[in-house]
Amino acid sequence: MKKGLGREKIEVIDSIPYSQLIFLVASGKNYALSIAEARGKEDSSPTAKQLKQLKKRGFLKSEKNLNNNLLNKTLYSINWNLIIEKLAIELKRSYKDMIEEDRLLNSNWKSVLGSKVETLNLLENKDFIERLKNNSYLQEFFKEYFSSLAKLRENNITEAFTYLVFFGDLNILTTAKPNIEGISYFIEGINKGYFPKKFEGMSPEKLKELDNKQHKALLEEIKKGEMTRLDNAQKRRTEILNKDNELQTLVELSIIFSCLRFRLGLQSSINNSIEKLAFKVANKHFSEEELKTYEEYYRQFENPYLDLFRIRTINENDLKIGKPTEKDAYSSNTKKPQGEEAK
């Protein structure tokens, strides 16, 4: 939120009214009167002023239309480059928040994310941001996404970005439905199965009569055929990715989303709080002896989340997430390294 002279100036992406105007333009309502009608307004003058403000701030573009039905109307369209740039800014802000959270909570998130951290660092790469802004796939996605949000009327763009990061899957290559990999496998016949030509035409009864050697040969032929088709499908997938730079960028963005969903510090805080609550509820309904029996049974599986003895000793100050203490590291079911004296 920006500060103006004497008052705070709300960001467009945080404003529900401004965001709704943008959503409506995305849905095809591209001039003041049609947008006002969609909002249930009889007077289009306030809407026209808001549209001019959005154009001034760079979110909209406009042109005059001389069509007979829309004589001299000002038609608006969305500046998708700026929308995506705002997304990138929000992603970078979320990334910095994640770093600060994990610094305060001493969680080792980089080791958990592994090689994905390198992709996450693309948010600091100006070339990557430009590729995002000019990605026609991403622009097409936002057109559909914002168009659907025009029906809800209670969301702003910032919220739309948040929902996208936590619930969206833009990995068209492997996990979205449909995806390039799945289609490639299907086209190559993986989902149809493979049957060797020399065994085609044989009835089920005849196939049952195959001796062990023939049956083994049949299975080997099937395996060989399936592996060939898998290889062909993999090659096709790789060829598509190599020649489609915009798809590559989309895959990288999907990895960034998955990283930002992984807030280790927050998850640890939530998990600890849930564990403590779970023990309080359990302590209310079960005796101390019953809980000890339960704990002793699950200790054999070495599952820290079911170690009720550890949870039982937690006090309010212990809820801070940090590096494990020596006491935590050597719980009652863990032996200390040889040569180390008990304290």
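The values are calculated or read from the model by the stated rules, or taken from the named source; none is laboratory data. Everything quoted here is computed from the prediction, not taken from an experiment. Note that each Cβ is placed from the backbone with ideal geometry, even for glycine, and that neighbours are counted across all protein chains shown.
Scanning segment 166-187 for residues that are free of Cβ contacts under 8 Å to residues at least 60 places away in the same chain, part of a helix (DSSP H, G or I) and within 16 Å of the chain's Cα centre (by Cα) yields one hit, F167.
Checked against the criterion of being modelled with pLDDT under 75 and part of a helix (DSSP H, G or I), segment 226-243 has at least one qualifying residue. If you check F257, F279, F262 for being surrounded by 12 or more Cβ atoms within 10 Å (Cβ to Cβ), closer than 30 Å to N171 by Cα, in contact with a Leu (Cβ under 8 Å, 6 or more places away or on another chain) and at pLDDT 75 or above, only one passes: F257. Of all positions in segment 176-196, at least one carries a residue that is surrounded by 11 or more Cβ atoms within 10 Å (Cβ to Cβ), farther than 30 Å from K243 by Cβ and at pLDDT below 75.
Within segment 46-57, residues that are more than 15 Å from A36 (Cα to Cα) sit with their Cβ atoms under 7 Å from residues that are among the polar types (S, T, N, Q) and surrounded by 15 or more Cβ atoms within 10 Å (Cβ to Cβ), at 6+ positions apart or across chains, in these pairs: K55/S62.
Within segment 144-166, if we keep just the residues that are of a type in the set (F, W, Y) and at pLDDT 90 or above, the residue that is surrounded by the fewest Cβ atoms within 10 Å (Cβ to Cβ) turns out to be Y163. Of the residues making up segment 267-294, those that are β-branched (V, I, T) and within 30 Å of I99 (Cβ to Cβ) number 2.
All conditions in (1) among the polar types (S, T, N, Q); (2) surrounded by fewer than 18 Cβ atoms within 10 Å (Cβ to Cβ); (3) modelled with pLDDT under 95; (4) closer than 30 Å to Y137 by Cα hold for N68, with the sole exception of (4). Does E188 fit the bill of being among the acidic types (D, E) and in the same structural domain as A233 (by TED's automatic domain parsing)? It is true that E188 is among the acidic types (D, E) and in the same structural domain as A233 (by TED's automatic domain parsing).
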